[in-house]
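Asks: Below you'll find the structure I mean.
The values are calculated or read from the model by the stated rules, or taken from the named source; none is laboratory data. Predicted model only: the values in this text are computed from it and were never measured. Please note: Cβ atoms are built from the backbone with ideal geometry, for glycine as well, and neighbour counts cover all protein chains shown. Each accessible area value is taken on the protein alone, full model and side chains, heavy atoms only, with ligands, DNA and RNA left out. Shrake-Rupley method; radii C 1.70, N 1.55, O 1.52, S 1.80 Å.
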Amino acid sequence: MERPAWAPRSIDISVPSVSRIYDYYLGGSHNFEVDREAARKAMEFMPGLPKVMQANRAFMRRAVRFAADEGISQFLDIGSGIPTFGNVHEVARAARPGAHVVYVDHDPVAVAHSQAVLRDVEDTDVVAADLLKPQEILASAEVQRLIDLNRPVALLLVAILHFVEDADDPYAAVAELRDALAPGSLLVVTHAAYEGIPLPVERAEGAVDVYKDIRNPLIMRSREQIARFFEGYDMVEPGLVPMPMWRPDTAPEDEDPYSFSGFAGVGRTA
């Protein structure tokens, strides 16, 4: 397999990547056949997976605009993935010129792409780090330069927590990040769940098994389990809901049924 110029030499392009699979679902071009093959296998069980990802991105943009309208001008996006059109810094800066954005990911491809995209973008940067090591993120030069933790921050954990197994205690990592944030900060979360998927659970499990096979287990949590990530936050109306139901721009009944898979919510620190 020929290595394209945009692929860092350090990555194994014969192994599927969650970030590149997500890029494929969204119609991006930064993915390999091994990623497309995994995505197509998952779509054999859940053909509406691209609709789920599109709903996820649409919610993220609404949540960023909401944060900007609330006066927040600092955004920390952990698990940011490969940049696509309408990324956080574009939405945030359109709503609040001068907004500061730091992206965080541990996927070398996502980091390399983000660095290329952001090379000439002011007040925006990327950190190669892991959600499970909050102090490394917070102590990074990029966060220290662009994020003032004494002022409110919008912390985005969009479509990342469901890739962290319970054994790694994602709740502790989220709590550690919460405790570092100033009052009035926001937590923005989306998370996969069997609830809302317009298929029998047994069939949806087939897609989950594809992620297990590529050693990136997809952890489907219940609404109650997802709500635990918001401990210490006051939920913003309408609470933890299916993605199209959170402050929609268009009538939710016009959305594809797959868009209602999983949950989204925003919480505010007191």
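Asks: Can you tell me which residue is farthest from Asp130 (Cα to Cα) among those in segment 172-191 that are open to solvent by 20 Å² or more (accessible area, probe 1.4 Å) and in contact with a helix residue (DSSP H, G or I) (Cβ under 6 Å, 6 or more places away or on another chain)?
Replies: Among them, the one singled out is Ala180.
Asks: List the helices (runs of 4 or more DSSP H) that sit entirely inside segment 16-70 and contain at least 1 residues that are closer than 13 Å to Ile214 by Cα and charged (D, E, K, R).
Replies: Once the helices (runs of 4 or more DSSP H) in segment 16-70 are filtered for at least 1 residues that are closer than 13 Å to Ile214 by Cα and charged (D, E, K, R), what remains is 18-25, 33-45.
Asks: Continuing with the same structure: For segment 136-151, name all the residues that are in contact with a strand residue (DSSP E or B) (Cβ under 8 Å, 6 or more places away or on another chain), in a loop (DSSP other than H, G, I, E, B) and aliphatic (A, V, I, L, M).
Replies: Answer for segment 136-151, where residues must be in contact with a strand residue (DSSP E or B) (Cβ under 8 Å, 6 or more places away or on another chain), in a loop (DSSP other than H, G, I, E, B) and aliphatic (A, V, I, L, M): just Ile147.
Asks: Would you check which residues across segment 221-246 are in contact with a Phe, Trp or Tyr (Cβ under 7 Å, 6 or more places away or on another chain) and surrounded by fewer than 15 Cβ atoms within 10 Å (Cβ to Cβ) and list them?
Replies: Once the filter is applied, which keeps residues that are in contact with a Phe, Trp or Tyr (Cβ under 7 Å, 6 or more places away or on another chain) and surrounded by fewer than 15 Cβ atoms within 10 Å (Cβ to Cβ), segment 221-246 yields Arg228, Pro238.
Asks: Condition first: in contact with a helix residue (DSSP H, G or I) (Cβ under 7 Å, 6 or more places away or on another chain), crowded, with 21+ Cβ neighbours inside 10 Å and over 22 Å from Val104 (Cβ atoms). Can you find one or more residues in segment 56-65 that meet it?
Replies: No - not one qualifying residue is present in segment 56-65.
Asks: Can you confirm whether segment 150-159 contains a residue that is open to solvent by 10 Å² or more (accessible area, probe 1.4 Å), touching a Pro at 6+ places or on another chain (Cβ under 6 Å) and modelled with pLDDT of 95 or more?
Replies: Within segment 150-159 (the criterion being open to solvent by 10 Å² or more (accessible area, probe 1.4 Å), touching a Pro at 6+ places or on another chain (Cβ under 6 Å) and modelled with pLDDT of 95 or more), the answer is no, since none of the residues qualifies.
Asks: Here's a follow-up. Would you confirm, using the coordinates I've provided, whether Val143 is closer than 22 Å to Gly98 by Cα and open to solvent by less than 10 Å² (accessible area, probe 1.4 Å)?
Replies: Spelling it out, Val143 is indeed closer than 22 Å to Gly98 by Cα and open to solvent by less than 10 Å² (accessible area, probe 1.4 Å).
Asks: Still on this structure, please answer the following. Within segment 98-116, is there a residue that is surrounded by fewer than 21 Cβ atoms within 10 Å (Cβ to Cβ), polar (S, T, N, Q) and either modelled with pLDDT of 95 or more or over 24 Å from Pro244 (Cα atoms) (or both)?
Replies: Yes; the residues of segment 98-116 include at least one that is surrounded by fewer than 21 Cβ atoms within 10 Å (Cβ to Cβ), polar (S, T, N, Q) and either modelled with pLDDT of 95 or more or over 24 Å from Pro244 (Cα atoms) (or both).
Asks: State the number of residues belonging to segment 247-270 that are open to solvent by less than 60 Å² (accessible area, probe 1.4 Å), within 16 Å of Glu70 (Cα to Cα) and among the hydrophobic types (A, V, I, L, M, F, W, C).
Replies: Going through segment 247-270 one residue at a time, the tally reaches 1.
Asks: So which pairs qualify, if the first residue must be in segment 169-195 and polar (S, T, N, Q), the second must be part of a loop (DSSP other than H, G, I, E, B), the Cβ gap must be under 6 Å, and the two must be at least 6 apart or on different chains?
Replies: Between residues of segment 169-195 that are polar (S, T, N, Q) and residues that are part of a loop (DSSP other than H, G, I, E, B), the close pairs are Ser185/Pro152; Ser185/Val153; Thr190/Ala159.
Asks: Ok, one more. If you check Val126 against the conditions, is it touching a strand residue (DSSP E or B) at 6+ places or on another chain (Cβ under 7 Å), over 20 Å from Gly184 (Cβ atoms), at pLDDT 95 or above and crowded, with 22+ Cβ neighbours inside 10 Å?
Replies: In short, yes.
Asks: Would it be correct to say that Glu44 is open to solvent by 10 Å² or more (accessible area, probe 1.4 Å), farther than 24 Å from Glu255 by Cα, in contact (Cβ under 8 Å) with a residue 12 or more places away in the chain and more than 18 Å from the chain's Cα centre (by Cα)?
Replies: no
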